[in-house]
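The values are calculated or read from the model by the stated rules, or taken from the named source; none is laboratory data. Not measured: the values here are computed from a predicted model. No Cβ is skipped: glycine too gets one built from the backbone with ideal geometry, and neighbour counts run over all protein chains shown.
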């Protein structure tokens, strides 16, 4: 008996009892679907939790301050600084040369005077008399944080509404929820400030008379609302903007548009380690170079341990469901052996060997496992997408970054199908052996 004959017999047997076959495939589909959904959701949850611990950026990100390190800084996730220390391009190059460092993103922050839109505008509503709407808004003396926004995937920034400023723009700004709070706006509705203009002034202090200073005024449109841990400040802009401001505050010449970029005095860096396991090593290397660092490495390590426990529990639940489904395959095949005793006896009487009968039932189990595994995998991904959409809506409503299931690995999907097929074959071994060992005379006579 060839493999083709075994496949033909298996298909004919499955079609003979369509109801039982459908229920068996459905059980395998539901078991596989539950396992795949739980696995996908658990993996995505792990990534999202780690991401939120780093405020949207890569978990292997390390923040470096323009200060000497505290001797005990490696024992803590928090920033512990000593005396101020220049953080220059030379320091950036030295850090890049260190082992296990993937990239370095410079950060430059500067103090600015900001004047929000007038009260009564679309972004700043009031419920008082109309004459109050013309009252000038209170200025805000805050920090503007500049970063290379073309490398935003390497920064601890979470976009809550709108978009980020263009990487080379000098007329766009993203604000934080703290800005909305300063204006007494609902932080759960960040989109209401999009499209509004803010007047900024880069102050230039007079060294002879510190009380007097002048400002370089410019206007920027709010294009996004973010949660960011790049630096302490309510305004996020491309680093070119703060570099121009730094030149102005130091030199006070022109508007800064054609001035050369400053090559020193960064206020911080975001260093990306090659992996989570290397974060502590990289922090130690930066400490040797003489700079203070912070990273949630101890918190991430603790959370990972708890997440692994959750993964084990969810995986166990899904595996139990799949095993129960495979027991259904075994039960269906055992019933089929009883029903097909005469057929088995006839096949053996005309020359079928034990291994031919064994192959017949194993092919039948394989077919049920393959169909159920494929349908279950598709069902599991669909369930995970629906759950992800629901969770995404909740997270966004809470001002957090949503869930992205776009990173499901094809290998994970193939492993789900292959695992189901293997379990189905294991479930079919006992019924197949029972059928193969059935003597032809007993099979025909007992039918």
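In the range 291-302, which residues are farther than 14 Å from residue 74 by Cβ and in contact (Cβ under 8 Å) with a residue 24 or more places away in the chain?
Those that are farther than 14 Å from residue 74 by Cβ and in contact (Cβ under 8 Å) with a residue 24 or more places away in the chain: 299, 300.
Could you tell me whether any residue of the range 286-297 is touching a strand residue (DSSP E or B) at 6+ places or on another chain (Cβ under 6 Å) and assigned to a helix (DSSP H, G or I)?
yes
Failed condition for residue 180, given (1) surrounded by 15 or more Cβ atoms within 10 Å (Cβ to Cβ); (2) under 22 Å from the mean Cα position of the chain (by Cα), with all others met?
Tallying (1) surrounded by 15 or more Cβ atoms within 10 Å (Cβ to Cβ); (2) under 22 Å from the mean Cα position of the chain (by Cα), residue 180 fails exactly one: (2).
Can you tell me which residue is nearest to the chain's Cα centre (by Cα) among those in the range 71-83 that are assigned to a loop (DSSP other than H, G, I, E, B) and farther than 21 Å from residue 109 by Cβ?
77
Quick test for you: out of 164, 180, pick the one residue that is farther than 29 Å from residue 275 by Cβ and in contact with a helix residue (DSSP H, G or I) (Cβ under 7 Å, 6 or more places away or on another chain). Don't jump to the end; show me each part of the working.
Working: 164 fails: farther than 29 Å from residue 275 by Cβ.
Matching residue, one of 164, 180: 180.
Filter the range 340-358 down to the residues that are within 52 Å of the chain's Cα centre (by Cα) and either surrounded by 14 or more Cβ atoms within 10 Å (Cβ to Cβ) or not in a helix (DSSP H, G or I) (or both) and list them by number.
356, 357, 358
Looking only at the range 266-285, how many residues end up being out of contact with any strand residue (DSSP E or B) (no Cβ under 8 Å at 6 or more places or on another chain) and in contact (Cβ under 8 Å) with a residue 12 or more places away in the chain?
Counting residues in the range 266-285 that are out of contact with any strand residue (DSSP E or B) (no Cβ under 8 Å at 6 or more places or on another chain) and in contact (Cβ under 8 Å) with a residue 12 or more places away in the chain gives 5.
Quick test for you: out of 402, 373, pick the one residue that is buried (at least 20 other Cβ atoms within 10 Å of the Cβ) and either out of contact with any strand residue (DSSP E or B) (no Cβ under 9 Å at 6 or more places or on another chain) or modelled with pLDDT of 85 or more (or both).
Only one candidate qualifies: 373.
Strands (runs of 3 or more DSSP E) wholly in the range 162-232 with at least 2 residues that are closer than 23 Å to residue 105 by Cα and either in the same structural domain as residue 108 (by TED's automatic domain parsing) or modelled with pLDDT under 90 (or both) - which ones?
172-176, 213-228
Would you check if residue 378 is in a helix (DSSP H, G or I) and either in contact with a helix residue (DSSP H, G or I) (Cβ under 7 Å, 6 or more places away or on another chain) or not assigned by TED's automatic domain parsing to the domain that holds residue 431 (or both)?
no
Only one of (1) surrounded by 16 or more Cβ atoms within 10 Å (Cβ to Cβ); (2) at pLDDT 75 or above; (3) within 30 Å of residue 408 (Cβ to Cβ) is not met by residue 23, so which one is it?
(1)
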